[in-house]
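The values are calculated or read from the model by the stated rules, or taken from the named source; none is laboratory data. For clarity, every value in this text was computed on a predicted model and none was experimentally measured. We place every Cβ from the backbone using ideal geometry, glycine too, and count neighbours over all the protein chains shown. For the accessible areas, the whole protein counts, side chains as well, though only heavy atoms, and no ligand, DNA or RNA atoms are used. Shrake-Rupley method; radii C 1.70, N 1.55, O 1.52, S 1.80 Å.
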Amino acid sequence: MWKETLLLTKRSLLVTLRNPFSFIPNLIISVFFLLVYTSGLSGISALPQFGGVDYLNFILPVSIVSGAVGGAGGAGQALVKDIENGYFARLLLTPVSRTAIVLGPMIAGMLQLFVQTLLIFGMAFLLGLTIPAGAPGFFFTVLLALGFGLGFAGYSVGVALKTRNAQAAQAGTLLFFPLIFLSTTFVPKELIEAEWLKVAATINPTTYIMEGMRGVLLWEDIDWSALSKGLGVALVLGLAMVVFAATNARSALKK
Amino acid sequence: MIRVHELTKRYGEQEVVKQVSFQVEEGEIFAFLGPNGAGKSTTVQMLTTLIRPSGGSAEINGYDVVKQEQQVRLQIGVALQETGIDEDLTGEELLLLQGRLFGMTREEAKARALELLRLVGLEEDGAQRVGRYSGGMKRRLDLALTLVHRPTILFLDEPTTGLDPASRQQIWNEVRRLNEEFNTTIFLTTQYLEEADQLADRIAIIDEGRLIAEGTADELKGMIGGERIELTFSEGAAAERVRAAFGGTVEKGRLILPSTGMETLSQVVRYLDEHQLTAETLLVKQPSLDDVFIRLTGHAYEKEGE
């Protein structure tokens with residue numbers, strides 16, 4: 001199964017590269033977020049609750065996560081195109097496992113978000129980013145982004161298979177856009193005043209991804225508790241979405 | 001060999017394929033003939049493991065289409081109604097990937113890809129992205145893709161719908177060649193009576209999900225008797241008078257009579273003469289599959305867009 005998954009991932013990547021407009025706009029938006037937040041809001045970090053943390057380190061996860069939410073829809077849209085042009089049916093007619101068929105575009109989607117995350121990091125370094133925890137901080141942030149990216153790419157693939165509609169595949173992930181704002185996105189939890197927003201932030205998986213990233217980006221000592229929660233959420237999300245997508249593979253053909 | 005027993009598909013309350021049974025022998029060209037929405041594509045999708053039947057059973061070379069999906073997929077090549085091609089890849093890339101997905105090594109897949117491009121006359125275009133191909137070229141590439149793993153049974157779902165007569169002829173030749181050279185069993189669906197008549201060894205007629213007749217083209221035509229005489233009149237009343245004398249059916253001033261040979265013909269001519277009736281045209285015709293269809297279903301054959 002892994003050989004086929006690899007072949008199908010390569011093919012999905014090739015198709016993505018041949019349609020640069022499927023990923024370039026989102027990439028620009030993520031980098032733009034980083035620029036705007038850093039230059040416009042960095043005064044906040046002078047507040048004592050920030051404990052001397054650089055605002056760039058604080059806001060970097062927001063840029064990465066929102067980039068992932070915006071970019072993950074691409075995987076589902078690519079799949080809708082396959083369903084519409086009949087290529088998906090041709091794949092179902094091969095002896096390849098259904099899981100490999102849905103994993104191909106999911107992994108390609110995840111790798112796309114991986115490259116995007118590296119580029120955002122590159123931009124942040126240009127803006128003067130330093131990571132107090134060093135290389136592990138960088139490594140774990142990227143790992144969290146990969147897990148979250150796989151989950152969201154899987155979600156958009158699953159929605160694509162269920163609805164066979166490109167707009168739905170894109171809108172499906174954008175639905176989660178508010179999640180970014182119902183979280184500890186712009187200020188630490190201690191600074192959130194509205195009780196409902198605190199509750200929303202607590203049940204929101206995005207919070208744990210973002211907190212996990214901050215746990216490795218902000219201080220010299222890695223916050224292992226936040227990191228393990230974040231990795232746990234990313235793992236569960238990723239696996240659940242693989243299952244969701246694979247179980248919907250056959251229903252995509254029903255007329 | 002394809003063996004189908006009381007195959008049924010229901011979507012909710014609606015039964016789109018109703019207890020269809022038939023058998024296709026090795027090396028045969030078998031046509032499933034019927035108008036749009038008769039249940040042809042649904043039957044193909046069930047036989048090719050794409051959708052699950054609601055009832056009945058089907059076997060492909062002895063493998064059950066539900067319980068032994070994987071083995072079935074190795075036996076069959078399927079060209080669905082819409083071509084299954086990703087237009088962002090080149091013809092060669094698509095063929096290579098297809099070979100690899102069927103377990104070939106890179107070298108095997110490469111050799112097979114070149115061989116097939118040659119077979120369907122696309123050797124010059126293999127490096128081009130499929131988005132630049134014409135409709136006919138896409139169909140030929142699609143056919144090549146279905147042949148990659150050397151299937152012994154081919155399913156062609158409306159292989160020539162929407163093609164111009166020249167491309168249609170090309171596909172027909174290809175189908176005959178595959179059948180003759182490799183003894184490939186071919187199951188094709190079509191809404192063109194002519195296509196079934198030209199290509200198929202045996203024909204099954206399907207209408208509203210039900211299989212209503214099966215046999216060779218000659219057997220089917222034989223079901224409605226031999227020749228017939230067709231007369232057209234400018235006045236409906238004249239047609240009615242001749243019908244009263246000889247029987248037959250009248251439709252829009254056109255009278256169709258069953259014929260028993262020259263004798264009927266001369267009787268009709270004499271009758272017209274004696275009663276001073278003038279027919280606009282008089283034809284003696286061999287029965288067509290059209291006639292079979294009308295006789296069996298009680299309604300005329302509707303083609304797409306009519």
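Summary table below
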| read-out | value |
| --- | --- |
| Chain B: most fluctuating residue of B:GLU180, B:GLU240, B:GLU263 per GNM, C-alpha cutoff 10 Å | B:GLU263 |
| Probe 1.4 Å - accessible area at B:GLU93, Å² to nearest ten | 50 Å² |
| FRET E, pair A:LEU47, A:PHE125, Förster distance 30 Å, beta-carbon r, rounded to 0.05 | 0.75 |
| Label point distance in nm, B:HIS275-B:GLN169, each placed 7 Å from Cα along Cα→Cβ | 4.5 nm |
| Accessible area of B:GLU251 in the full protein assembly, 1.4 Å probe (Å², nearest 10) | 120 Å² |
| Heavy-atom SASA rank of B:HIS275, B:HIS5, B:HIS149 (probe 1.4 Å, accessible area, largest first) | B:HIS5, B:HIS275, B:HIS149 |
| Rounded to whole Hz, the Karplus (6.51, -1.76, 1.60) HN-Hα couplings of the range B:155-166, x for glycine and proline | 10, 10, 8, 6, x, 10, 4, x, 9, 6, x, 5 |
| Accessible-area value, A:ILE192, 1.4 Å probe, nucleic acids and ligands omitted, Å² | 10 Å² |
| Two-decimal Rg to Rh for the protein assembly as shown - Kirkwood Rh, Cα set | 1.16 |
| Cα→Cβ-extended label distance, 7 Å offset, between B:GLU235 and B:THR161, nm | 4.6 nm |
| List A:PHE88, B:PHE182, ordered by accessible area with a 1.4 Å probe, largest first | B:PHE182, A:PHE88 |
| Listed residues A:ALA124, B:GLY34, B:PHE182: farthest to the positive end of the dipole of the protein assembly as shown (Cβ charges) | A:ALA124 |
| Accessible surface, 1.4 Å probe, highest first, among residues B:LYS40, A:LYS162 | A:LYS162, B:LYS40 |
| Rounded percent of accessible protein surface that carbon and sulfur make up, the range B:2-222, 1.4 Å probe | 42 percent |
| Sequence-separation-based contact order of the range A:27-135, relative, with Cα cut under 8 Å and 6+ spacing, percent | 33 percent |
| J(HN,Hα) series, the range A:204-213, from Karplus relation 6.51 cos²θ - 1.76 cosθ + 1.60, nearest Hz, glycine and proline x | 7, x, 4, 3, 5, 5, 5, 5, x, 5 |
| Cα-Cα over 32 Å, subset of A:LYS162/B:LYS67; A:LYS10/B:LYS18; B:LYS18/B:LYS285; A:LYS162/B:LYS110 | A:LYS10/B:LYS18; B:LYS18/B:LYS285; A:LYS162/B:LYS110 |
| For the protein assembly as shown, with +1 on Lys and Arg beta carbons and -1 on Asp and Glu, the positive-most of B:TRP172, A:LEU143, B:GLN70 along the dipole | A:LEU143 |
| About the Cα centre, charge dipole magnitude for the protein assembly as shown (Lys/Arg +1, Asp/Glu -1 at Cβ), debye | 1440 debye |
| Amide H partners (placed H, <5 Å) of B:VAL78, local residues excluded | B:PHE155 |
| MRE, 222 nm, helices only [DSSP H, n ≥ 4, -39500 (n - 2.57), over the protein assembly as shown, to nearest 500] | -17500 deg cm²/dmol |
